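Read-outs throughout are calculated quantities, based only on the coordinates presented, and are distinct from any laboratory measurement. Quick caveat: nothing in here was measured; it's all calculated off a predicted structure. Neighbour counts run over all protein chains shown; Cβ positions are idealised from the backbone, glycine included.
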Amino acid sequence: MIGFTCVALANARPYISPEASELILKTGMENISALLEELGVRNKAIYLPSSLREGRPQALIPLTGTPDVAHIRSKIPGRLVVRYGDGPGDMALAVTTPGSINLEQLETKPGPNATDIEAAVTYVLTGLLDLANSVTVNITETEVRVEVSGPRLHYEDIWYYRCLGSPIASIVATIACEALGKPLRIAEEEYNRGKNNIRLEVLS
Amino acid sequence: MRAFNRYILFLVLAAFAVNTTIAFTSPNDLSVYFAVNVITFLVITVLHAYLNPRARRSLSAIGIVLFGGFLVIVILKAMEVLSN
């Protein structure tokens, strides 16, 4: 019985080796980092639900200043450089994040409550990606606090992470924004005693 | 510890505990070993609901086969009781 289980689990591993996956992840990250660095963009990304984008949730990195969410148009076109408001400086980069793709693998869309978001994030981070041991989510009106235990990808002080957050925070932010149906931003991310504490600011 | 490792570890520990217990209580009945091991497998698999979809599909297939075997044992036992 245990032998059959081991064979079944071994066959369930992805076809792409972890080394190849890491290579692809780093290539993508370095390309976006180079683009952000070249443009001198230092603003934190705003994670938008799919209702504000064409089809899938994405992150909006404003090219100048911090945008007022009220000025974000109801639907932003599905391009890389987008105009999100009516002002001349209301331009941003719209990029796909790891969470945008993971969201398609969820069987049902999570509801706007802590339990559903926690279940969805746990499923993605623990089951699908095996990136963490467990996840706890707490929600208030203005913020979402997420504690990820045993994360296997940590925050690094690099350009990409400063704008978009670590891959784990990015996945959490995408799922939370899709569940709440509201844009949000990664306000804070810290790693302490084997736990990654992520604070997401709900923008509405 | 990774999800797969944790699942296998739980399964091995549970199988060890269950089989040791049965060995001290009813060592001569092979169907008891099989039935209890199947139930243990199904319970632990249900408790690890967060495994990825491909793993869950494979484990479900194994679960169905084992449950089929479990039903055969139950039917045989029922027939034995009824015939007596």
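Each of A:I198, B:I75, A:I72 was scored by other Cβ atoms within 10 Å of its Cβ. Listed from fewest to most, they are B:I75, A:I72, A:I198. Short-range pairs are left out: with C-alpha atoms under 8 Å and at least six residues apart, the relative contact order of chain B is 33 percent.
Building the convex hull from the alpha-carbon atoms of the protein assembly as shown and averaging its projection over directions returns 18.9 nm².
Spherically averaged projected area of the convex hull of Cα atoms, segment A:122-188: 4.5 nm². Residue separation of A:S149 and A:E30 scaled by 0.36 nm, minus their Cα-Cα distance, works out to 40.2 nm of gained length.
Histogrammed with a bin width of 5 Å, the alpha carbon distances of segment B:26-68 distribute as 5, 23, 27, 19, 13, 8, 4, 2 percent, first bin at zero. Measuring between their Cα centroids, segment A:1-59 and segment A:135-204 lie 15 Å from each other. How many angstrom lie between the Cα centre of segment A:106-130 and the Cα centre of segment B:34-59? First find each Cα centre; the distance between them is then 20 Å.
For the residues A:S134, A:S21, A:S149, a GNM of chain A with alpha-carbon springs under 10 Å puts the largest fluctuation on A:S21. Each of A:E201, A:E104 has some number of other Cβ atoms within 10 Å of its Cβ, and from fewest to most they run A:E104, A:E201. For the segment B:58-68, counting C-beta atoms of other chains within 10 Å of every residue's C-beta and taking the mean gives 2.
Write out the chymotrypsin sites (Phe, Trp or Tyr not before Pro) in chain B meeting two conditions: DSSP loop, and at most 15 other Cβ atoms within 10 Å of their Cβ. Of the chymotrypsin sites (Phe, Trp or Tyr not before Pro), not one in the loops of chain B has a Cβ with at most 15 other Cβ atoms within 10 Å.
Please state the charge dipole magnitude for chain A, taken about the Cα centre, from unit charges on C-beta atoms (+1 on K and R, -1 on D and E), reported in debye and rounded to the nearest 20.
Numbers: 19 positive and 24 negative charges, 49 e Å.
About 240 debye.
Among the residues of B:45-54, the average count of other protein chain beta-carbon atoms within 10 Å of the residue beta-carbon is 5.
Find the Cα radius of gyration of segment A:1-154, compare it with 2.2 N^0.38 Å by division, and give the number to two decimals.
On the way: Rg = 18.4 Å, N = 154, 2.2 N^0.38 = 14.9 Å.
Taking N as the residue count of segment A:1-154, the ratio is 1.24.
Over segment A:28-95, the pair-distance histogram of Cα-Cα distances with 5 Å bins from zero comes to 4, 18, 31, 25, 16, 6, 0 percent, rounded to whole numbers. For q = 0.21, 0.24 Å⁻¹, what log10 I(q)/I(0) does segment B:1-80 give under the Debye formula with an equal point scatterer on each alpha carbon and no solvent? Result of the Debye calculation: -1.00, -1.15.
Helix B:3-25 and the longest principal axis of the Cα set of chain B meet at an angle near 20°.
Approximating the spin labels as points 7 Å out from Cα along Cα→Cβ, the A:T108-to-A:T140 distance works out to 3.0 nm. Basic side chains Lys and Arg get +1 at the Cβ, acidic Asp and Glu get -1 at the Cβ, and with that the dipole of segment A:28-95 about its Cα centre reaches some 240 debye. Taking the longest Cα principal axis of chain A as reference, the axis of helix A:167-180 is set at about 70 degrees. Footprinting exposure proxy ranking of A:H154, B:H48, fewest other C-beta atoms within 10 angstrom first, gives A:H154, B:H48.
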